[in-house]
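Following: one structure in structure tokens, then a few remarks.
The values are calculated or read from the model by the stated rules, or taken from the named source; none is laboratory data. Quick caveat: nothing in here was measured; it's all calculated off a predicted structure. As a convention, Cβ positions derive from the backbone with ideal geometry for all residues, glycine included, and neighbour counts pool all protein chains shown.
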Amino acid sequence: MSEVNGGRRERRKAQTRAEVRQTAQRLFAERGFDSVTIADVAAAADVAVQTVFNHFETKEALFFDGRTPWVESVAAAVTQRAPGGDPVTALRSALESDMLDLVQQETRPENRSYLVALQRSTLLQARERTLVEEAGERVAAVLSEAIAAGDWSAAPAADQGTARVLSRLIADVFLAAGRVLVLEHRRLLLHGAPGEPRSSSVLATATTTFDELECSVRAVAGKLLRPR
């Protein structure tokens, strides 16, 4: 296959994927996630059912596609930090930035159907928890390398076992806190009383929370890695 033909094929695949996703998310918004089948999506997009599965392994993956850049971006922020940069500070900054983007996106009226679908579907909630776990695994892997190499200013280089424990602890604590705050923001959007503080309150809480978490994990690291 020539390079030109290969490029055209990849563009067609990307276009088909985008069209299937757009069609599916429109149907989910109109009819609700649980009421739409993959066959419905295929018919509306004028493709075969197998074509949908060629691009998306599950209906849940189709629902979230394009909506969860944070799964990869938080870990990427750690690996792509400036030379000599603190990996935990990079993690914290990326989470704050992603939370700001997510809160702004979910506050828009046109995204209310997305939040309602999440609230009503235990399958979607389970998938979102899985995505958070996946993000945590990615973050822990890159943090572990940085901590073992002595790149974290809070502590000297650690052995591989201690680095793994610390990195998993740090990743999970930060991501769990972020998830709690996102869920609270969604609750306020869908069920908050008139005049109840929403986005600004959650974002302010996030800043304070991440400040304290960063201090706390540094203290834990200092004790775990203290010479004995």
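Among the residues of the range 44-67, just one is outside any helix (DSSP H, G or I) and buried (at least 19 other Cβ atoms within 10 Å of the Cβ), namely Phe56. From the list Glu128, Glu134, Glu212, the lone residue that is surrounded by fewer than 16 Cβ atoms within 10 Å (Cβ to Cβ) and within 18 Å of Ser73 (Cα to Cα) is Glu134.
Report yes if some residue within the range 101-121 is surrounded by fewer than 16 Cβ atoms within 10 Å (Cβ to Cβ), of a type in the set (Gly, Ala, Ser) and assigned to a helix (DSSP H, G or I); otherwise report no. No - not one qualifying residue is present in the range 101-121. The lone criterion from (1) modelled with pLDDT under 95; (2) part of a loop (DSSP other than H, G, I, E, B) left unmet by Glu10 is number (2). In the range 164-187, how many are surrounded by fewer than 18 Cβ atoms within 10 Å (Cβ to Cβ) and over 21 Å from Ser97 (Cβ atoms)? Of the residues in the range 164-187, 5 are surrounded by fewer than 18 Cβ atoms within 10 Å (Cβ to Cβ) and over 21 Å from Ser97 (Cβ atoms).
Checked against the criterion of being modelled with pLDDT under 90, in the same structural domain as Ala77 (by TED's automatic domain parsing), part of a helix (DSSP H, G or I) and over 15 Å from Val88 (Cβ atoms), the range 151-160 contains one or more residues that satisfy it. Looking at the range 74-86, can you tell me whether even one residue there is assigned to a helix (DSSP H, G or I), in the same structural domain as Leu175 (by TED's automatic domain parsing) and of a type in the set (Asp, Glu)? Among the residues of the range 74-86, not one is assigned to a helix (DSSP H, G or I), in the same structural domain as Leu175 (by TED's automatic domain parsing) and of a type in the set (Asp, Glu), which makes the answer no. Within the range 33-65, no residue satisfies the criterion of being in contact with a helix residue (DSSP H, G or I) (Cβ under 6 Å, 6 or more places away or on another chain) and at positive phi.
Listed here are the residues, each with its yes/no results for (1) under 30 Å from Arg218 (Cα atoms); (2) among the acidic types (Asp, Glu); (3) modelled with pLDDT of 90 or more.
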| residue | (1), (2), (3) |
| --- | --- |
| Glu30 | no, yes, no |
| Gln50 | no, no, yes |
| Phe56 | no, no, yes |
| Ser93 | yes, no, yes |
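From the list Glu145, Glu134, the one residue that fits, being assigned to a helix (DSSP H, G or I) and at pLDDT 95 or above, is Glu134.
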